[in-house]
Amino acid sequence: MTLRRIVLATGNAGKLREFSALLAPAGFAFEPQSAFGIEPPEETGDTFLANALLKARYAARHSGLPAMADDSGLEVDALGGAPGVRSARYAEDLVATMPRDEANWRKLLAALEGVPEAERTARFRCCIVLVRDADDPSPVVGEGTWEGHILGAARGTGGFGYDPVLAPRDAQFGGRSVAELDAAAKNLHSHRAAALRALLAAWQAS
């Protein structure tokens, strides 16, 4: 099997592990953009697709290789879909006092204080883009979601981002947070896994 060398436009080690685990069997060999000295561009898009495409084209342009990027986040219905595309930057006012991930989910829990469980529905959404070069006119796109609800308090130490505060809807997980699931379960059921499967199907079709 010929390996396809792909630059992954992220500095997130968790994402690199997930992408590699899910797509290595299909022949994708990922290298982080940091290996090329690439600093991430400012995410100015107003949709997950726009940001993913912006990051992928930037990485491809500065590496000279095909590039893949994702943009993902949390949508909370009681907050009108927020934090949405600002998920990673939701608590900029708190990052000086605690780790960014913790700041984000703490701010989210504070915003939902008093909201009953039935109204705490939410989902992780992910959009992944693969460009063959920086000017690729037909990027390969995959999208996926993972439905659930926001817990009253953080639980678990695995994963990253908002994983400690979202419990997937899937009954088989028994109300556990994403941070309480093992990597195998996440790689099978997550929004990122769904988006990667969709992207792989689109890639094979093209």
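Among the GluC sites (Glu not before Pro) in the range 109-147, those placed in a DSSP loop whose Cβ has at most 10 other Cβ atoms within 10 Å are E113. In this simple spin-label model, placing a label point 7 Å from the Cα along the Cα-to-Cβ direction at both D135 and A201 gives a separation of 3.3 nm.
Computed from Cα positions, the angle between helix 100-111 and the longest principal axis of the chain comes to roughly 40 degrees.
Computed from Cα atoms, the angle from the helix 48-63 axis to the main principal axis of the chain rounds to 40 degrees.
Do you know the relative contact order of the chain, to the nearest whole percent, from alpha carbon pairs under 8 angstrom that are 6+ apart?
Numbers: 414 pairs, mean separation 37.2, N = 206.
Result for the chain is 18 percent.
Which angle between 0 and 90 degrees, to the nearest 10, do you get for helix 13-23 versus the longest principal axis of the chain when only C-alpha atoms count? With both axes taken from Cα atoms, the answer is about 60 degrees.
Here K107 is the anchor, and the aspartates and glutamates within straight C-alpha reach of less than 20 Å, apart from those fewer than 8 places off in the same chain, are E75, D77, E92, D93, E117, E119, D163.
Sparsely packed loop sites in the range 33-79 (the GluC sites (Glu not before Pro) outside DSSP H, G, I, E and B with at most 12 other Cβ atoms within 10 Å) comprise E42.
How charged is the neighbourhood of G80? Take every other residue with its Cβ under 15 Å from the Cβ of G80, and add Lys/Arg as +1 and Asp/Glu as -1. Its environment carries a net charge of 0.
Distance distribution P(r), the chain, all Cα-Cα pairs, bin width 10 angstrom from 0: 9, 35, 35, 17, 3, 0 percent. Averaging Cα coordinates gives a centre for the range 54-83 and one for the range 107-144; these two points are 9 Å apart.
Counting 0.36 nm for each residue step from A21 to E113 and taking away their Cα separation leaves a gain of 29.5 nm.
Going by how many other beta carbons lie within 10 Å of each one, how would you line up V140, V115, V178, fewest first?
Values: V140 22, V115 15, V178 27.
Fewest-to-most ranking of V140, V115, V178: V115, V140, V178.
Round to a whole angstrom and tell me the spacing of the C-alpha centers of the range 158-182 and the range 7-52. A separation of 23 Å, based on Cα centres. Note on the chain: with a GNM built from Cα contacts shorter than 10 Å, the maximum mean-square fluctuation among H191, H149, H62 falls on H62.
What's the exposure ranking of L54, L166, going from fewest to most Cβ atoms within 10 Å? Show your work: numbers first, answer last.
On the way: L54 20, L166 26.
Ranking L54, L166 by Cβ neighbours within 10 Å, fewest first, gives L54, L166.
Bridgeable lysines around K55 (alpha carbons under 19 Å apart, same-chain partners fewer than 8 residues away excluded): K15. Residue order for V141, V95, fewest other beta carbons within 10 angstrom first, comes to V95, V141.
A Gaussian network model of the chain, with springs between Cα atoms under 10 Å, assigns the largest mean-square fluctuation among P83, P139, P41 to P41. Using the rule -39500 (n - 2.57) for each DSSP H run of four or more residues, divided by the residues of the chain, the 222 nm mean residue ellipticity is -9000 deg cm²/dmol.
Quick one: Kirkwood hydrodynamic radius for the range 73-161, alpha-carbon pairs, angstrom, one decimal? Each step should come with its number before you reach the end.
Details: mean 1/r = 0.0682 Å⁻¹.
For the range 73-161, the Kirkwood estimate is 14.7 Å.
All of the numbers you see were taken from the coordinates with simple rules; none came from a lab. Predicted model only: the values in this text are computed from it and were never measured. Ideal geometry is used to build each Cβ from the backbone, glycine not excepted, and the neighbour counts take in all protein chains shown.
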